[in-house]
Amino acid sequence: MRTNSQLSNKVVRGLSRILGQEFVTFWLEQAGSTVSTDRCLAEVVRIDRETADAVSLWLRPNALFKGFEAGQHVNLSVTIDDVVHTRSYSFSSAPLATGLVRLTIKQTPTGLVSRYAVNQLEVGAVVELGDVFGDMTLAHTQPNLNAERPTMLLLAAGSGITPMISLIEELQAKGWPADVTLMSWARHPEDVLFDALLKAKTNEHFKYVRLLESGANVAEGDLVGRPSAEQFAAVAGTLDNTDVYACGPDGFMTALRGILGDAPKSFHAESFTPMALSIDENAEVKTFTVTLTKSNRILEVSNNKPLLKALQEQGINPPHGCGMGICNTCSCEKLTGTTQNMQNKSVCGNNNTALRLCINAAQGPVSLDL
């Protein structure tokens, strides 16, 4: 039996051949439809206010959505003042039979998309979902989950809780095949995301601990302060048989690595803010040629600028999203040449490799498949 979306897509393809795809797409967008032959559009069907500065968006994607695994993130595109902006957000639900997906977004002072989502986006709005990324999944990190009973320690700061919720709901749906502890850091009790939901899930296989800078209720099990070795010892004991999962700002992730070292059995991480781009002010500034093979252009770029910025300054605007090395939207094939990652300073001289333009700079002549 054909679904309504399959019939709609067939009709749209037919109309596009007769009237032109741009014409049909324009009027579908004006009507607020999510039907499309080439774009994964999604309708906002519900918005939950989680905290004063965070909301959960429940989205119904169209038939082009290929699904996701718990622990992954997706590119979300919204139109603000006629300009499309793309950011990457983690799913905050496990895959559901209804086909709905949940993204939980916490606004930041300078976050254009996060502020729009939290304060202006409305039910009925249509957004676009892009590629799904991420290896912090049960299939990737726990390939023998059904044969073993792993001990998992989930560590989250702020909105880093979102992929953890996704993993927890997936583990719950599987009947808790692991012993799981979640440690969630926040500044104040009112900043904790999914607090009531997590407390309700607590059972013999799932332990939930809040860690707060202020307002901690020690009598109910809260701990005080930022990550420390003492906290881990009190909650999880030794970690040599524990698989650790972590998500949060870069400073939080750096602190965890310094505290935990190589103690855990394994360490899996997602950072929702990237390391800052590092520019050596004392290094000699050089220029190199960049050949764009598809557009048949040759440009001069500096070795102290990310390639994306260098190209944009010369009127070339490749597809891009977060601009921070997270979403992979700007990734293209580097055919030849040497580049340097401006976050971790690693140098890559391999040809025919994927290159994220927003965080890599040329360190010699480079050719790109653009």
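The values are calculated or read from the model by the stated rules, or taken from the named source; none is laboratory data. These numbers were taken from a predicted model, which means no experiment stands behind them. Here the Cβ positions follow ideal geometry from the backbone for every residue, glycine too, while neighbour counts run over all protein chains shown. We work out accessible area using only protein heavy atoms, side chains counted, and drop any ligands, DNA or RNA first. Shrake-Rupley method; radii C 1.70, N 1.55, O 1.52, S 1.80 Å.
Please find, within region 228-264, the residue that is nearest to PRO150 (Cα to Cα) out of those that are of a type in the set (Val, Ile, Thr) and open to solvent by less than 70 Å² (accessible area, probe 1.4 Å).
Result: THR242.
Here's the yes/no breakdown for (1) outside any strand (DSSP E or B); (2) more than 27 Å from PHE267 (Cα to Cα):
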| position | (1), (2) |
| --- | --- |
| ALA97 | yes, yes |
| GLY124 | yes, yes |
| SER166 | yes, no |
| GLY175 | yes, no |
| TRP185 | no, no |
| LEU193 | yes, no |
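So is THR273 part of a loop (DSSP other than H, G, I, E, B), within 18 Å of GLY111 (Cβ to Cβ) and either modelled with pLDDT of 80 or more or touching a Gly at 6+ places or on another chain (Cβ under 6 Å) (or both) or not?
Judged against the criteria, THR273 is not a match.
Might you let me know whether region 68-77 holds any residue that is open to solvent by 40 Å² or more (accessible area, probe 1.4 Å) and under 26 Å from CYS247 (Cα atoms)?
Looking through region 68-77, at least one residue is open to solvent by 40 Å² or more (accessible area, probe 1.4 Å) and under 26 Å from CYS247 (Cα atoms).
Being aliphatic (A, V, I, L, M) and surrounded by fewer than 22 Cβ atoms within 10 Å (Cβ to Cβ) is the filter here, so list the residues in region 154-185 that pass it.
Selection gives ALA173, ALA178.
Have a look at THR339, THR329, THR291 and point out the one that is touching a residue at least 60 places away in the same chain (Cβ under 8 Å) and within 30 Å of SER90 (Cα to Cα).
None of the others qualify; the one that does is THR329.
Exactly one condition in (1) more than 22 Å from the chain's Cα centre (by Cα); (2) open to solvent by less than 50 Å² (accessible area, probe 1.4 Å) is not met by GLY325; state its number.
Every condition holds for GLY325 apart from (1).
I need the full set of residues from region 129-152 which are open to solvent by less than 50 Å² (accessible area, probe 1.4 Å) and either under 23 Å from ASN328 (Cβ atoms) or under 20 Å from the mean Cα position of the chain (by Cα) (or both), in order please.
Across region 129-152, the qualifying residues are LEU129, GLY130, VAL132, PHE133, GLY134, MET136, THR137, LEU138, THR141.
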